[in-house]
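One structure is given here, and the rest of the page talks about it.
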Amino acid sequence: MADSISSPTPRVIRNDPWYGSYAARAETMRASEIRALFAVASRPEVVSLAGGMPYLDYMPFGQIADLIAKMMREKGDVAWQYGLAQGDPHLREDVLQIMQLENIVDVQPDDVVITNGSQNALDLITRIMCDPGDVVLSEAPNYVGALGVFQSFQVDVVNVQLDSHGLIPESFEEAVKEQRRLGKKVKFLYTVPNFHNPAGVTLSVERRPKILDIARRYHVLIVEDNPYGLLGFDGQTYPALRSMDAENVVYLSSFSKIIAPGMRIAWMVAPPGIRQKLVLANEASVLCPPNMSQFTITTYLDNFDWKKQINEYRGMYKKRCDTMDAALHEYLPYCSWNKPMGGFYIWLKIPAGLDSRAMLPRAVTAKVAYVAGTGFYMNGEGKDHMRLSFCYPTPERIHEGIRRLSTVIDAERETTQLFATSGKPDNDPRDPEYPGPDVP
Ligand SMILES: Cc1ncc(COP(=O)(O)O)c(C=O)c1O
């Protein structure tokens, strides 16, 4: 469900003999639009601006391999053994220095829980907090992976609004009041404050205390999901919400974007009561995070200048973002977007009347892929947007990808103007009968 999906969408199984036997929560699960696209978008001739995969080619894999071999010779018996449900103590100690970069200075290793990626962390927090029908407030457009988790726990996702300065505090407060008025239980606010996926925006420093103040006044927990915080293009970081409030914030971060996602290692910090439940839930779900992956990460952190490496990543992503921004100005000046200050994504608004989801098969035919905006909402909104990722393709491919995209959008505009319609019928990809994009 995360962006870096590596397998194609399972097709709808017709005449499934187990139809009628599934739990209600399994009935609510849907394939993400990103996954539906993966098989075609990953063909080499297609410039994929769809996935959120970090670019790893600059990693010193030869040296890393030597160090892992040494680690295996020295402590292979532990690396290949079961570990603690809360995670390896050495790694829990190591993540403290990473969090200090965003002003989180009051955490002890015992406050940290290691997870199998932040996806696992999102699952755990929803698992321990939410019953079916409870409300989670979530910024719209939403991070797809979180939507998948919320859906699988039959949570009602209520959107709160973002603008170019991030989450709008008044929208948060209104949503809490309205849901309470309706008699609903609001369990938490889910927010990605830095370099948002997919919106690209960052919560302003001025708004941060306001959000925390509302959360405290209404006793609403905040789940702060921060995989991109260290990827500010100019090296800038922002004080984490967790750095200002230890009692009302559950903080999530991950090695996926700052080192590599293949290890599936992330971490969370939570107030003691919640943390205890998270560890129990982790034990019930996976027994323990994988020792082999945790030891690989600690080996990397202990032996490499990881701050320098993150700096190099920042420079690389900045160049790619600049290239995409310049190409958009060159080829699609009538579209609108906020140029992000970090992270992986541009959230592009396309001209009124166009439908990014209906247009996608034509884009893939023109050998460029993106994620349609509808994938980031549960209610069919988002047709007028698309997410463009600049993290993985080289600058040359990004430029070419935007050029190709412009031919598709130009043609679509012409057709819309001619017929005053966006063309395709309004299929719902969350409908189990939806056949997926009819790509060649
Ligand atoms: C906002 C956000 N949260 C969480 C994740 C998942 O990260 P992980 O690879 O640690 O599961 C992603 C990945 O794209 C993301 O963009």
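The values are calculated or read from the model by the stated rules, or taken from the named source; none is laboratory data. On a predicted model such as this, the values are computed, not experimentally measured, just so you know. All Cβ positions, glycine included, derive from the backbone under ideal geometry; neighbour counts span all protein chains shown.
Some notes on this structure:
- Only listed residue being of a type outside the set (Lys, Arg), within 25 Å of Cys130 (Cβ to Cβ) and buried (at least 21 other Cβ atoms within 10 Å of the Cβ), chosen from Leu182, Leu189: Leu189
- Within segment 107-118, residues that are under 16 Å from Ala284 (Cβ atoms) and assigned by TED's automatic domain parsing to the domain that holds Gln276 reach partners that are basic (Lys, Arg) and near the ligand (Cβ under 8 Å from one of its atoms) with beta carbons closer than 9 Å, at six or more positions or on different chains, in the pairs Thr115/Arg264; Asn116/Arg264.
- Residue in segment 114-123 that is more than 13 Å from the ligand (Cβ to nearest atom), at pLDDT 95 or above and not in a strand (DSSP E or B) present: no
- Comparison of Arg181, Arg207, Arg217 shows that the only residue that is within 30 Å of Tyr317 (Cα to Cα) and among the charged types (D, E, K, R) is Arg207.
- Where a residue in segment 323-341 is in contact (Cβ under 8 Å) with a residue 40 or more places away in the chain and its partner, wherever it lies, is among the hydroxyl-bearing types (Ser, Thr, Tyr), with Cβ under 8 Å and at least six apart: Tyr331/Ser406; Leu332/Ser406; Asn338/Ser164; Pro340/Thr202; Met341/Thr202
- Residues of segment 137-186 that turn out to be farther than 27 Å from Met29 by Cα, away from the ligand (no atom under 16 Å from the Cβ) and assigned to a strand (DSSP E or B), as a count: 1
- Here Glu170 meets each of (1) free of Cβ contacts under 8 Å to residues at least 24 places away in the same chain; (2) in contact with a Leu (Cβ under 9 Å, 6 or more places away or on another chain) with one exception, condition (2).
- Hits in segment 187-243 (condition: within 16 Å of the ligand (Cβ to nearest atom), among the polar types (S, T, N, Q) and in a loop (DSSP other than H, G, I, E, B)): Asn194, Asn197, Thr202, Asn226
- The residue that is farthest from Val144 (Cα to Cα), counting only those in segment 362-381 that are among the small types (Gly, Ala, Ser) and touching a Leu at 6+ places or on another chain (Cβ under 9 Å), is Ala366.
- Single residue of segment 26-74 satisfying the filter (modelled with pLDDT under 90, surrounded by fewer than 19 Cβ atoms within 10 Å (Cβ to Cβ) and hydrophobic (A, V, I, L, M, F, W, C)) that is nearest to the chain's Cα centre (by Cα): Met29
- Matching residues, segment 124-136, being of a type outside the set (A, V, I, L, M) and within 16 Å of the ligand (Cβ to nearest atom): Thr126, Arg127
- Residue within segment 250-262 that is over 19 Å from the mean Cα position of the chain (by Cα), among the polar types (S, T, N, Q) and at pLDDT 95 or above present: no
- Just so you know, in segment 255-299 the residues that are outside any helix (DSSP H, G or I) and among the aromatic types (Phe, Trp, Tyr) include one that is farthest from the ligand (Cβ to nearest atom), and it is Trp267.
- Test: Gln86 is closer than 18 Å to Leu278 by Cα, part of a loop (DSSP other than H, G, I, E, B) and among the polar types (S, T, N, Q): yes
- Leu252 vs. criteria within 16 Å of the ligand (Cβ to nearest atom) and in contact with a strand residue (DSSP E or B) (Cβ under 8 Å, 6 or more places away or on another chain): yes
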